[in-house]
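Working notes, beginning with the structure itself.
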Amino acid sequence: FCQPSGWQLFPERNPPTFFVAVLTDINSERHYCACFTFWEAVESAQPQSHSRNGDGEEEEEESASPIQPAQLFAPKSLVLVSRLDHAEVFRVSV
């Protein structure tokens, strides 16, 4: 529920978002969720390499140079759950 735009990676950092969700449990008790989402850079675990001679074969081991992967950003959310309806306390206003 805390990622309305999904969990996909984006090529640029999005601005942080804040929203409040209300969950109702099996006993009809409400739980208020203050959700803060920000974007964190993700590093690739596997470096890629490319050939300099253009035919797909590498001439020497030193001819291959690592390709810098495009930096991607993933959403990360902090969610505070409360039984009290005071979520505005968690929102920081500038």
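The values are calculated or read from the model by the stated rules, or taken from the named source; none is laboratory data. Small disclaimer: the values here were computed from a predicted structure and weren't measured. FYI the Cβ positions are ideal-geometry reconstructions off the backbone, even for glycines, and counts take in every protein chain you see. Only protein heavy atoms, including side chains, enter the accessible area calculation; ligands, DNA and RNA are left aside. Shrake-Rupley method; radii C 1.70, N 1.55, O 1.52, S 1.80 Å.
Being free of Cβ contacts under 8 Å to residues at least 40 places away in the same chain and more than 11 Å from the chain's Cα centre (by Cα) is the filter here, so list the residues in the range 1-21 that pass it.
Listed by number, the residues that qualify are F1, P4, P15, T17, F19, A21.
Within the range 1-25, can you find the residues that are touching a Ser or Thr at 6+ places or on another chain (Cβ under 9 Å) and open to solvent by 90 Å² or more (accessible area, probe 1.4 Å)?
P4
Quick one: count up the residues across the range 6-43 that are out of contact with any Phe, Trp or Tyr (no Cβ under 6 Å at 6 or more places or on another chain), assigned to a loop (DSSP other than H, G, I, E, B) and closer than 12 Å to S77 by Cα.
The qualifying residues number 2.
Scan the range 74-85 and tell me whether some residue there is closer than 28 Å to W7 by Cβ, modelled with pLDDT under 60 and open to solvent by 70 Å² or more (accessible area, probe 1.4 Å).
No; the residues of the range 74-85 include none that is closer than 28 Å to W7 by Cβ, modelled with pLDDT under 60 and open to solvent by 70 Å² or more (accessible area, probe 1.4 Å).
Test of understanding: among S28, S44, which residue is surrounded by 11 or more Cβ atoms within 10 Å (Cβ to Cβ), of a type outside the set (A, V, I, L, M) and modelled with pLDDT of 60 or more?
Just a single option satisfies the conditions, and that option is S44.
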